[in-house]
Structure formats: C-alpha cells, structure tokens
1. Compute the Cα gyration tensor for the stretch 161-207, then decide on rounded, prolate or oblate, letting a ≥ b ≥ c be the square roots of its eigenvalues: rounded whenever a/c is under 1.5, prolate when a/b is larger than b/c in the other cases, and oblate in all that remain.
2. Taking the Cα centre as origin and putting +1 on Lys and Arg beta-carbons and -1 on Asp and Glu beta-carbons, what dipole magnitude results for the stretch 1-112, to the nearest 20 debye?
3. Run the dipole for the stretch 3-205 about the Cα centre, Lys and Arg Cβ at +1, Asp and Glu Cβ at -1, nothing else charged, and hand back the magnitude in debye, nearest 20.
4. In nanometres, what is the gap between the two model label sites at MET204 and ALA163, each 7 Å from Cα along Cα-to-Cβ?
5. Can you work out ³J(HN,Hα) from phi for every residue in the stretch 132-144, in order, using Karplus 6.51 cos²θ - 1.76 cosθ + 1.60 and θ = phi - 60°, giving whole Hz and x for Gly and Pro?
6. Show me the three semi-axes of the equivalent ellipsoid for the stretch 93-207, from the C-alpha gyration tensor (sqrt of 5 times each eigenvalue), largest first, rounded to whole Å.
7. In whole angstrom, how far apart do the alpha carbon centroids of the stretch 152-202 and the stretch 69-127 sit?
8. Just the number: Rg to Rh for the stretch 87-142, Cα atoms, Kirkwood Rh, two decimals.
Amino acid sequence: MSRVRHIENQFYDKFIELSTEVAAASDVYAAIAKDWPAQKSRIPEVKDFEVRCDAIMRETLTLLENSFITPFDREDINLLVRELDHIADGMDNVTARFDLYDIDDMRPEAVQMAELTQRAAHELKDLFDHFENFKKDPVVREKMHTVGTIEDEGDTVSRNALANIFREHNDAVDVIKWKSLIDTMEATVDSCKSVANVVRSVLMKNA
C-alpha cells in the first residue's frame, strides 16, 4: 500500500469508528426512551459514548492537522467529524434532561424522535462503511437520501408533539420541560441530516 493510500485510509477508518460509536449510542438512547423509567440507570452509558466520540473527533482533527495529504477537502473532513460528534452530544443532552427534569411518563412523540435518531444513526453507520468508495458506491448516495427522509419525518413528529404539548398541558412548567426536550431531540435528528449534507457536498465537489 502506498503512503498516500495509507494516510487516506486512516481518515476513512476514523469515520467508521466514530459513526459506529454514534450508532451504538443511539441504541441505548432509544432503549431509554422506549422503556422509561426502567432504563433510567443506563443514562451514564450515553455519556460514556459521548466521551468516546469526543476523543475520536479530537484524534481525527489531530490527524487532519498533521497530514499534508487528505482524501478530500479539509473543511469537509472537519465538518463531518464535528457533525457526527454533535449527534452524540445531542443524545447525551436529551438523556441528561430526562433525569434533570424528573420526567415521570415518557411522551410517545419522544419515543418516536429517539427511534428516528436511532434509524438515522444506523443509516449513517452503513454509509460510512462504504464511504471509502463514495465516487462509485451507490450505497453512499442511497443512505444519504434516506437520512434526509428520516429528518423530514422528525420535523412532522416534532410539530405534532409541540401541538399536543400546548393542547394537553395546563402546567406551565411541564410545557417548558417538554418543549425543551422535543426541541433538543429534533436538533439531534437534524444533526444526522447535517452529516448527510456534508456527504452531499463531498460528492458534488468530487463528481
């Protein structure tokens, strides 16, 4: 293997490593939401994933700083790892707030949002498993489009959730809690689409 190819592979390996951690974190995230409060004790697991994702992001950025050769634009590599890390940050923020806000009963829309994040995270994991051949592998474009569709579903669920919250709750504190949670959950799904958008940029620049 040439030195250039070896360096490029290091970046692709980091994308796979980071997206794998994000997908695994999403499984715990969705499980906590679906089986709340029985799965409350698993919240620290999400924090552990977030810490590992931060470490992989830093390692990738250090590699980027020290590499003269990169497989594609430095700006896009930087954005990819940061946006992937934002997904982990979002899941950590949400699960921490479940506890902080002392949530008793999980809203069904919150479960839906967590499941959408889980689906999108696994689509991204599959995407990055194929990303080294992004110029030729149709899976990359297919997964990119699927993540966009999932984010559209998230927008609908989020709007319906907010409408239901304002309609059903008379307690202003409960409204504030749930609006904050749903907004943060939506932002987490949006982060998945942000990753897909960077992938789109890479595909366009290298067409």
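Coordinate-derived values only; no laboratory data. Predicted, not measured: the structure shown is a model, and the values here were computed from it. Note that we place each Cβ from the backbone using ideal geometry, even for glycine, and neighbour counts take in every protein chain shown.
1. It comes out prolate by the Cα gyration axes.
2. Values: 13 positive and 24 negative charges, 57 e Å.
That gives a dipole near 280 debye.
3. Once rounded to the nearest 20, the dipole reads 560 debye.
4. Output for this residue pair reads 3.2 nm.
5. 4, 10, 4, 6, 10, 7, x, 4, 4, 5, 4, 5, 4
6. Details: eigenvalues 228, 31, 21 Å².
Equivalent ellipsoid of the stretch 93-207: 34, 12, 10 Å, largest first.
7. Here the answer is 12 Å between Cα centres.
8. Result for the stretch 87-142 is an Rg/Rh of 1.18.
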